[in-house]
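Just below is one structure, and these are the notes that go with it.
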Amino acid sequence: MSNTHHPECWTTSDVCMWLRERGLGIYVDQFKRHRIDGEALLLLTERDLKEDLQMSVLGDVKRLGAAINRLARAGIHDHLDFHNSVSMSASSSAAHSSQHLKHHTLSTLSSTPLHTRSRNYSSDSQASDLPEQPRLGNLRRASGVATQLRPEYFRTAISFLYVLLVTWITAFVMVFVHDRVPDKERHPPLPDIFLDNVPHISWAFQLCEITIITLASVWFGILFFHKHRSIACRRFCALSGSVLLLRCATMFITSLSVPGSHLECAPRIQSDTWTKMSQAYLIWRGGGLSLMGVRTCGDYMFSGHTATLTLLNFFITEYTPRRVYYLHIFSWVLNMFGIFFILAAHEHYSIDVFIAFYITSRMFLYYHSLANNRALQQRDSFRTKIWFPMFSYFEAHIDGIVPNEYSNPLATGKLIKLVKTLFSWSNSAPKKEKSN
């Protein structure tokens with residue numbers, strides 16, 4: 001058989017010969033009629049086999065699907081080994097990057113069933129005429145890995161301004177809800193199954209904020225060395241802003257009574273707008289942390305500390321490889337202990353914490369499911385624009401899963417390249433945005 005080591009380069013005759021070797025020669029005519037070559041074979045789904053190729057025997061469909069999966073993995077091994085050898089002859093750093101891509105692509109493909117693959121057909125049936133880099137892009141596309149990973153610093157800057165604006169709005173809303181907190185004498189703490197059975201620990205809330213600072217330090221370290229740090233940063237800002245904006249709405253609509261009698265909370269005397277702005281600035285400057293001297297009341301539904309802990313935990317586990325399981329365990333332990341410390345300090349009701357964790361985790365998963373699946377994103381484009389108005393703009397050019405690759409941004413060559421990119425972007429960004 002020709003092109004044995006590169007299944008994506010097979011002709012229709014090669015595919016038919018491969019079918020006969022596996023005892024599936026009765027389907028050769030269908031494959032010839034539909035001109036299924038090697039590249040099309042690797043992108044076939046079970047639905048294609050049953051509906052388009054009219055394979056009526058379920059056992060044959062399953063066996064052929066498993067064989068295509070094995071063939072795709074073998075093809076990626078061979079192709080990336082070739083790509084690796086070329087990279088090593090050029091430089092050792094390029095070889096390391098290629099090997100990392102190989103590991104990520106294989107792990108992603110092996111865990112992805114046949115029916116979930118992207119149906120991305122090429123207009124050219126002769127894949128052997130394509131150069132090596134486009135064929136590598138086809139393999140990454142078939143495994144769900146993104147082929148377009150431009151930094152897009154302008155969009156990242158927009159996301160940063162978005163979260164900056166939302167944090168300021170949040171600080172102002174916190175001042176407003178503090179001024180209308182219910183009086184403790186008239187409105188005692190509500191019954192709570194956790195707070196009623198766990199004694200108050202005065203120092204627990206400070207420990208919670210220490211866990212937040214620890215997780216934030218880990219995340220910023222990962223972000224610093226991540227090769228696609230601009231995309232990860234943009235997503236972090238977009239999700240943080242969206243979660244905080246939703247929190248503004250929930251704590252503004254309903255004011256809950258103070259959860260603990262130890263909290264010194266009372267409605268403040270009505271003040272002018274300038275005074276409120278000054279108070280909001282103090283909250284914004286301190287990041288809402290009591291360690292920075294910020295004390296607020298009334299902002300209970302839902303817990304901002306829990307949302308921050310959960311968001312940091314999910315980003316740390318998403319943008320680090322699965323083999324770094326000890327870091328993932330450490331992140332989850334801090335997340336859970338941080339939530340416990342909030343409740344032990346009697347700073348929030350249990351429902352505040354539960355809702356915060358649920359909303360933050362669901363928004364994270366929903367956002368990344370859409371971002372990682374271009375077909376789902378396009379099918380639900382209208383709903384996506386309604387519920388995630390910023391999503392369509394921030395993820396416009398990302399067509400798959402962002403691989404966890406790392407680089408040193410302080411390397412001299414990369415630093416010079418980054419500075420040149422920033423200078424060229426500052427001169428041409430408005431024109432590019434307009435053309436888009």
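The values are calculated or read from the model by the stated rules, or taken from the named source; none is laboratory data. This one's a predicted model, so the numbers in the text were calculated from it and none came from an experiment. In this analysis, Cβ positions are derived from the backbone assuming ideal geometry, glycine residues included, and neighbour counts consider all displayed protein chains. Only protein heavy atoms, including side chains, enter the accessible area calculation; ligands, DNA and RNA are left aside. Shrake-Rupley method; radii C 1.70, N 1.55, O 1.52, S 1.80 Å.
Listing for the model above:
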quantity	calculated
3 or more residues over 18 Å from Arg70 (Cα atoms) and of a type in the set (Lys, Arg): qualifying helices (runs of 4 or more DSSP H) within segment 7-53	none
Extreme residue, nearest to Arg20 (Cα to Cα), among residues of segment 54-64 that are open to solvent by less than 10 Å² (accessible area, probe 1.4 Å) and assigned to a helix (DSSP H, G or I)	Leu64
Condition check for Ile339: open to solvent by 70 Å² or more (accessible area, probe 1.4 Å) and either on the phi < 0 side of the Ramachandran plot or of a type outside the set (S, T, N, Q) (or both)	no
Residue within segment 200-221 that is β-branched (Val, Ile, Thr) and part of a loop (DSSP other than H, G, I, E, B) present	yes
Any hit, segment 187-206, residues being surrounded by 15 or more Cβ atoms within 10 Å (Cβ to Cβ) and within 31 Å of the chain's Cα centre (by Cα)	yes
Segment 397-423, subset over 30 Å from Leu370 (Cα atoms) and not in a helix (DSSP H, G or I), residue modelled with the lowest pLDDT	Ala411
Residue check for Ser92: open to solvent by 80 Å² or more (accessible area, probe 1.4 Å), closer than 28 Å to His228 by Cβ and modelled with pLDDT under 80	yes
Scan of segment 239-252 for residues that are open to solvent by less than 20 Å² (accessible area, probe 1.4 Å) and within 16 Å of Leu309 (Cα to Cα), ordered by number	Leu239, Ser240, Gly241, Val243, Arg247
Filter result (part of a helix (DSSP H, G or I), crowded, with 16+ Cβ neighbours inside 10 Å and out of contact with any Phe, Trp or Tyr (no Cβ under 9 Å at 6 or more places or on another chain)) within segment 283-310	Gly304, Thr308
Filtered residues of segment 320-329 (kept if touching a residue at least 24 places away in the same chain (Cβ under 8 Å) and in a helix (DSSP H, G or I))	Leu327
Positions within segment 345-362 being outside any loop (DSSP other than H, G, I, E, B) and crowded, with 21+ Cβ neighbours inside 10 Å, in sequence order	Asp352, Val353, Ala356, Thr360
Residues (open to solvent by 20 Å² or more (accessible area, probe 1.4 Å) and in a loop (DSSP other than H, G, I, E, B)) located in segment 169-186	Arg180, Pro182, Asp183, Lys184, Glu185, Arg186
Single match in Thr275, Thr250 (criterion: at pLDDT below 90 and β-branched (Val, Ile, Thr))	Thr275
Residues satisfying the stated conditions in segment 7-38, i.e. in contact (Cβ under 8 Å) with a residue 60 or more places away in the chain and either closer than 13 Å to Leu53 by Cα or basic (Lys, Arg) (or both)	Arg35
